[in-house]
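The values are calculated or read from the model by the stated rules, or taken from the named source; none is laboratory data. Just so it is clear, the structure is predicted and the values come from calculations on it, not from any experiment. Here Cβ is always computed from backbone atoms with ideal geometry, including for glycine, and neighbour counts include all displayed protein chains. Side chains included, ligands, DNA and RNA excluded: accessible areas come from the protein's heavy atoms. Shrake-Rupley method; radii C 1.70, N 1.55, O 1.52, S 1.80 Å.
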Amino acid sequence: MFGLMAHPFVPLNHAPLPLDESLARGRAFHAQMHRRRTTRHFATTPVPREVIECAIATAGTAPSGAHQQPWTFVAVSDPALKQRIREAAEREEREFYEGRAPEEWLRALAPLGTDAHKPHLTDAPWLVVVFRQAYGLEPDGGKSTYYYTTESVGIAVGLFIAAVHQMGLVTLTHTPSPMTFLQELLERPANERAYLILPVGYPAADARVPDIRRKTLEEIAVFR
Ligand code: IYR
């Protein structure tokens, strides 16, 4: 038999909607999400901790492999710590842009105008550093296997981004590589791997975004 007890099952609390209301809500949600933009230009305006708590709580509603919830969100507002994260990230990024990145990768990034300069890491009032728990760590130090952790954390981050947008703030998915410096700077346990940095805040008054277009439904969906 299984080593663990089964969860008790309880009734699903679900009220079906009339179809027209489903569609109206779905379209309104899509229109709202379609307004989301990633920007690299943040205002230094403070953001209350409750806003970040709300976004993290929303992320924590994500489904996960075997319901293991393999994520930790480290929310950093301490200016000195943000500065250290920025310095370490910029060190990695300089190596990336000045050598490590293959030509093809640099060509793909050129239209977005990214470079090793990362002022958003100190401008944004919060840096939410997401860690993926590669395995479980029991209180006695034992390890347990976690399943589909990359997928699970990716889904959670998607919900986080949607929550930030819903609250009228902006965020940016930042992936310095390698990210091992985050595990050290933030003193995370051995089972945690840095996954993304999400600066969160208000956009700068003069924030700019590339004039990109999203693929259409026809381009991304196949019905058969
Ligand atoms: N991590 C680098 C490079 C970078 C890579 C991709 I793919 C992007 O969409 C954007 C940037 C950086 O943060 O600049």
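Inside the stretch 198-218, can you point out the residues that are at pLDDT 95 or above, touching a Ser or Thr at 6+ places or on another chain (Cβ under 8 Å) and of a type outside the set (A, V, I, L, M)?
Pro199, Gly201, Tyr202, Pro203
Collect the residues in the stretch 64-118 that are open to solvent by 70 Å² or more (accessible area, probe 1.4 Å) and of a type in the set (Lys, Arg), keeping them in residue-number order.
Answer for the stretch 64-118, where residues must be open to solvent by 70 Å² or more (accessible area, probe 1.4 Å) and of a type in the set (Lys, Arg): Arg84, Arg91, Arg94, Arg100, Arg107.
Limited to the stretch 161-180, what total is found for residues that are away from the ligand (no atom under 13 Å from the Cβ) and either surrounded by 21 or more Cβ atoms within 10 Å (Cβ to Cβ) or in a helix (DSSP H, G or I) (or both)?
As a first pass, look at the stretch 161-180 and keep what is away from the ligand (no atom under 13 Å from the Cβ): 161-171, 180.
Next, from what is left, pick out any that are either surrounded by 21 or more Cβ atoms within 10 Å (Cβ to Cβ) or in a helix (DSSP H, G or I) (or both): 161-166, 169-171, 180.
Residues flagged as away from the ligand (no atom under 13 Å from the Cβ) and either surrounded by 21 or more Cβ atoms within 10 Å (Cβ to Cβ) or in a helix (DSSP H, G or I) (or both) within the stretch 161-180 amount to 10.
Condition test on Ser152, is it assigned to a helix (DSSP H, G or I) and open to solvent by less than 50 Å² (accessible area, probe 1.4 Å)?
Yes.
Is it the case that some residue within the stretch 195-202 is open to solvent by less than 50 Å² (accessible area, probe 1.4 Å), among the β-branched types (Val, Ile, Thr), assigned to a helix (DSSP H, G or I) and within 16 Å of the ligand (Cβ to nearest atom)?
So in the stretch 195-202, the residues open to solvent by less than 50 Å² (accessible area, probe 1.4 Å) come out as 196-201.
Adding the requirement that they be among the β-branched types (Val, Ile, Thr) leaves 197, 200.
Of the ones still in play, those that are also assigned to a helix (DSSP H, G or I) are none.
No.
Which of (1) open to solvent by 20 Å² or more (accessible area, probe 1.4 Å); (2) more than 15 Å from the chain's Cα centre (by Cα); (3) more than 16 Å from the ligand (Cβ to nearest atom); (4) touching a residue at least 40 places away in the same chain (Cβ under 8 Å) does Gly141 not meet, given it meets every other one?
Going through the list (1) open to solvent by 20 Å² or more (accessible area, probe 1.4 Å); (2) more than 15 Å from the chain's Cα centre (by Cα); (3) more than 16 Å from the ligand (Cβ to nearest atom); (4) touching a residue at least 40 places away in the same chain (Cβ under 8 Å), Gly141 breaks only (4).
Check Gly65, Gly26 and return the single one that is in contact with a Phe, Trp or Tyr (Cβ under 7 Å, 6 or more places away or on another chain), more than 16 Å from the ligand (Cβ to nearest atom) and of a type outside the set (Phe, Trp, Tyr). Step through it out loud before you land on a result.
Details: Gly26 fails: in contact with a Phe, Trp or Tyr (Cβ under 7 Å, 6 or more places away or on another chain).
Gly65 is the lone residue from the list that is in contact with a Phe, Trp or Tyr (Cβ under 7 Å, 6 or more places away or on another chain), more than 16 Å from the ligand (Cβ to nearest atom) and of a type outside the set (Phe, Trp, Tyr).
Within the stretch 93-128, how many residues are more than 8 Å from the ligand (Cβ to nearest atom) and either part of a helix (DSSP H, G or I) or closer than 15 Å to Phe42 by Cβ (or both)? Write out each step before concluding.
We begin by selecting, within the stretch 93-128, every residue more than 8 Å from the ligand (Cβ to nearest atom); these are 94-95, 98-100, 102-104, 106-107, 110-111, 113, 117, 119-128.
Now drop any that are not either part of a helix (DSSP H, G or I) or closer than 15 Å to Phe42 by Cβ (or both), which leaves 94-95, 98-100, 103-104, 106-107, 110-111, 117, 119-128.
Final tally of qualifying residues: 22.
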